[in-house]
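> What follows is a structure written as structure tokens; I'll ask about it next.
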Amino acid sequence: MMKCIVKDKFAMQKKQMDKRNNKYNPEKHHRRSIRLKEYDYSQPGAYFVTVCTWKRECLFGDVLHGEVSLNEYGQITMQEWIKTGTLRQNVVLDKYVIMPNHFHGILIINDCAGTIQRKGVLQYAPTYAFRSPSQTIGAMVRGFKSTVTKQINRCRDTPGIPVWQRNYYEHIEISSNKIVLLDLNK
């Protein structure tokens, strides 16, 4: 049923070690940010987010008869995305779709009557339930990717192996009218 690429655990770990041994080369390694300068990514609004799997590996399932059939890793991804909305009081999740090698989702940041501290980290003792230290899109995507990676690597017994490509793509929705045009189920 599943036609995704399944790689040898030891080959994946060796590749990861080889990657860590690469030296920095400024001629080759020159990442540029795709984020808007001076834009506050914690401000209220709708954001369309796309995250791709490492080397576009079909990790989350397969397309059968025109529909995505999620495997165990796809289910983990779905559960953790849904948790994103419950962990953060100021976030409402809208449409999302999990494809075999990438994820799309719309999340809406609401301004909860001044309860959100913008730009920076909340100061609190870590003695109670989890609270995200930052409310930016970047922090939310980082937390989502991190927990999905840990759980998938635990399932396949491959600690430290990448699940996601570096970074993510986002599109800031200027008006709520645009969200209707982004209906991912059509």
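> Tally the residues that are in contact (Cβ under 8 Å) with a residue 40 or more places away in the chain and not in a loop (DSSP other than H, G, I, E, B), restricting the search to the stretch 151-171.
Residues meeting the conditions: 8.
> If you take the residues of the stretch 56-99 that are part of a strand (DSSP E or B) and within 14 Å of the chain's Cα centre (by Cα), which of them is farthest from ILE137 (Cα to Cα)?
Only one residue fits best here, namely MET99.
> Residues in the stretch 28-37: is at least one charged (D, E, K, R), more than 23 Å from HIS171 (Cβ to Cβ) and either assigned to a strand (DSSP E or B) or at pLDDT 95 or above (or both)?
no
> So, of the residues in the stretch 58-70 that are out of contact with any Leu (no Cβ under 8 Å at 6 or more places or on another chain) and closer than 15 Å to ARG156 by Cα, which turns out to be surrounded by the fewest Cβ atoms within 10 Å (Cβ to Cβ)? So that I can check it myself, show each step before the final result.
Restricting attention to the stretch 58-70, the residues satisfying the condition of being out of contact with any Leu (no Cβ under 8 Å at 6 or more places or on another chain) are 58-59, 62-70.
With closer than 15 Å to ARG156 by Cα added as a condition, the list becomes 58-59.
Details: CYS58: 18, LEU59: 23.
Checking each candidate, the answer is CYS58.
> State yes or no: is GLY105 assigned to a strand (DSSP E or B), within 16 Å of TYR168 (Cα to Cα) and either out of contact with any Leu (no Cβ under 8 Å at 6 or more places or on another chain) or at pLDDT below 95 (or both)? Step through it out loud before you land on a result.
Details: assigned to a strand (DSSP E or B): yes; within 16 Å of TYR168 (Cα to Cα): yes; either out of contact with any Leu (no Cβ under 8 Å at 6 or more places or on another chain) or at pLDDT below 95 (or both): yes.
In short, yes.
The values are calculated or read from the model by the stated rules, or taken from the named source; none is laboratory data. Treat the numbers as computed from the prediction; the structure is a model and nothing was measured. All Cβ positions, glycine included, derive from the backbone under ideal geometry; neighbour counts span all protein chains shown.
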